[in-house]
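The values are calculated or read from the model by the stated rules, or taken from the named source; none is laboratory data. Quick caveat: nothing in here was measured; it's all calculated off a predicted structure. All Cβ positions, glycine included, derive from the backbone under ideal geometry; neighbour counts span all protein chains shown.
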Amino acid sequence: MRRSMLFFPGNSANMLLNADFLGSDSMILDLEDAVAPTEKDSARILVRNAIRDLGYTREVIVRINPVDSPYWEKDLQTIIPVKPDMIMPTKVSCADDVKIISDYIAGLEEQLGMEVGTVKLIPLIETALGVENAYQIASSDPRVEAIFLGGEDLTADLRCKRTKEGNEIFYARSRMVMAARAAGVDVYDTPWTDVEDYEGLIKDAEFAKSLGFTGKSSISPRHVTFINEVFSPTEEEIQYARDVFATIEKAKAEGKGVVSLRGKMIDAPIVARAAQVLEAAEAMKGGR
């Protein structure tokens with residue numbers, strides 16, 4: 001289950017050492033924005049060694065530099081041999097960006113004797129063009145398991161101010177969710193950047209969940225618990241889901257074709273939501 005994703009600077013040995021113990025479902029080890037150009041080489045080696053030697057138990061995602069930079073190929077050459085769960089390409093604006101990355105990874109997997117397709121992708125969409133091409137990106141390649149919204153860079157590209165209210169990214173959020181669901185992949189929301197504003201974080205996470213986001217990213221370990229709670233089904237939701245399936249089974253035993261629960265007809269969408277809730281509850285019990 002992937003509710004929360006926590007960013008870790010790839011050039012911070014101390015943070016990488018403690019990354020597995022801070023409660024996020026996934027860890028994003030960052031080789032891009034958090035790392036200065038002069039530190040790219042050392043950060044790659046540090047992240048590679050951390051994945052290889054520390055025995056991380058949580059999902060490992062490595063954020064690489066964009067395809068129009070001089071760094072991304074070396075990022076992949078260094079990181080793919082230690083088999084991260086996912087690669088996060090940045091500044092993805094079209095399906096071709098994804099195909100370039102995927103084809104390059106395939107070549108490395110073949111050289112290393114890995115099954116082609118082992119390493120998955122979660123494209124980071126943070127430009128106006130990327131938002132408009134979100135469905136094409138989400139459906140561009142079998143490696144793509146999810147898409148991810150980067151609100152800070154997006155608002156810079158839109159030439160508008162990033163606000164706590166988030167009205168300026170409402171369209172982008174909605175477009176991303178629609179694209180992801182149409183493509184059959186997950187979708188993750190941009191971080192809440194005010195580290196001290198927990199009330200604002202919770203409100204923002206609840207809004208993202210209401211739009212259909214699978215989960216939310218974070219730049220602060222202190223945000224993880226709140227995000228996990230928001231994106232976890234409540235006991236009431238779990239019990240209702242169980243009741244849905246119990247009612248269906250009872251109706252089948254009695255030969256009834258139409259059933260209701262608590263005064264509401266049980267139709268296909270209700271069954272689908274109930275199944276999702278129980279799947280999430282089961283995943284929570286199993287840890288990662």
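Can you tell me which condition A179 does not meet? The list is (1) of a type outside the set (D, E, K, R); (2) surrounded by fewer than 21 Cβ atoms within 10 Å (Cβ to Cβ); (3) within 21 Å of P269 (Cα to Cα), and all the others hold.
Condition not satisfied by A179: (2).
Scan the stretch 187-210 residue by residue and report those that are over 15 Å from the mean Cα position of the chain (by Cα) and either in the same structural domain as A280 (by TED's automatic domain parsing) or not in a loop (DSSP other than H, G, I, E, B) (or both).
If the condition is that a residue be over 15 Å from the mean Cα position of the chain (by Cα) and either in the same structural domain as A280 (by TED's automatic domain parsing) or not in a loop (DSSP other than H, G, I, E, B) (or both), then Y198, E199, G200, L201, I202, K203, D204, E206, F207, S210 are the ones that fit.
Residues that are farther than 16 Å from S4 by Cβ, surrounded by 20 or more Cβ atoms within 10 Å (Cβ to Cβ), among the β-branched types (V, I, T) and touching a Leu at 6+ places or on another chain (Cβ under 9 Å): does the stretch 158-171 have at least one?
Yes, because at least one residue in the stretch 158-171 is farther than 16 Å from S4 by Cβ, surrounded by 20 or more Cβ atoms within 10 Å (Cβ to Cβ), among the β-branched types (V, I, T) and touching a Leu at 6+ places or on another chain (Cβ under 9 Å).
Before we move on, is K209 surrounded by 13 or more Cβ atoms within 10 Å (Cβ to Cβ), basic (K, R) and closer than 24 Å to I122 by Cβ? Show your work before the answer.
Numbers: surrounded by 13 or more Cβ atoms within 10 Å (Cβ to Cβ): yes; basic (K, R): yes; closer than 24 Å to I122 by Cβ: yes.
Answer is yes for this residue.
Looking for whichever is in the same structural domain as T214 (by TED's automatic domain parsing) and farther than 23 Å from E145 by Cβ here; the options are A13, A50, A19. Which one fits? Working first, answer last.
Values: A50 fails: farther than 23 Å from E145 by Cβ; A19 fails: farther than 23 Å from E145 by Cβ.
When all the criteria are applied, what remains is A13.
Among the residues of the stretch 63-74, is there at least one that is surrounded by 15 or more Cβ atoms within 10 Å (Cβ to Cβ), in contact with a strand residue (DSSP E or B) (Cβ under 7 Å, 6 or more places away or on another chain), at pLDDT 95 or above and not charged (D, E, K, R)?
At the first step, the residues of the stretch 63-74 found to be surrounded by 15 or more Cβ atoms within 10 Å (Cβ to Cβ) are 63-67, 69, 71-74.
Narrowing the set further to residues that are in contact with a strand residue (DSSP E or B) (Cβ under 7 Å, 6 or more places away or on another chain) leaves 63-64.
Now drop any that are not at pLDDT 95 or above, which leaves 63-64.
So of that shortlist, the ones also not charged (D, E, K, R) come out as 64.
Among the residues of the stretch 63-74, at least one is surrounded by 15 or more Cβ atoms within 10 Å (Cβ to Cβ), in contact with a strand residue (DSSP E or B) (Cβ under 7 Å, 6 or more places away or on another chain), at pLDDT 95 or above and not charged (D, E, K, R), which makes the answer yes.
Filter the stretch 243-270 down to the residues that are part of a helix (DSSP H, G or I) and surrounded by 14 or more Cβ atoms within 10 Å (Cβ to Cβ) and list them by number. I'd like the intermediate steps shown before the answer.
First, the residues of the stretch 243-270 that are part of a helix (DSSP H, G or I): 243-253, 268-270.
D243, V244, F245, T247, I248, A251, I270 - these are the residues of the stretch 243-270 that are part of a helix (DSSP H, G or I) and surrounded by 14 or more Cβ atoms within 10 Å (Cβ to Cβ).
Conditions (1) among the small types (G, A, S); (2) modelled with pLDDT of 85 or more; (3) closer than 30 Å to E199 by Cβ; (4) outside the structural domain of A205 (by TED's automatic domain parsing), marked per residue:
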{"position": "F226", "(1), (2), (3), (4)": "no, yes, yes, no"}
{"position": "Y240", "(1), (2), (3), (4)": "no, no, yes, yes"}
{"position": "A253", "(1), (2), (3), (4)": "yes, no, no, yes"}
{"position": "G257", "(1), (2), (3), (4)": "yes, no, no, yes"}
{"position": "L261", "(1), (2), (3), (4)": "no, no, no, yes"}
{"position": "A268", "(1), (2), (3), (4)": "yes, no, no, yes"}
{"position": "A274", "(1), (2), (3), (4)": "yes, no, no, yes"}
{"position": "V277", "(1), (2), (3), (4)": "no, no, yes, yes"}
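Determine whether the stretch 88-108 contains at least one residue that is among the hydrophobic types (A, V, I, L, M, F, W, C) and part of a strand (DSSP E or B).
Here is the first cut: in the stretch 88-108, the ones among the hydrophobic types (A, V, I, L, M, F, W, C) are 88, 92, 94-95, 98, 100-101, 105-106, 108.
Now restrict to residues that are part of a strand (DSSP E or B): 88.
Checked against the condition, which is being among the hydrophobic types (A, V, I, L, M, F, W, C) and part of a strand (DSSP E or B), the stretch 88-108 yields at least one hit.
Out of all the residues in the stretch 75-94, which are surrounded by fewer than 19 Cβ atoms within 10 Å (Cβ to Cβ) and among the aliphatic types (A, V, I, L, M)?
Hit for the stretch 75-94 is V82, nothing else.
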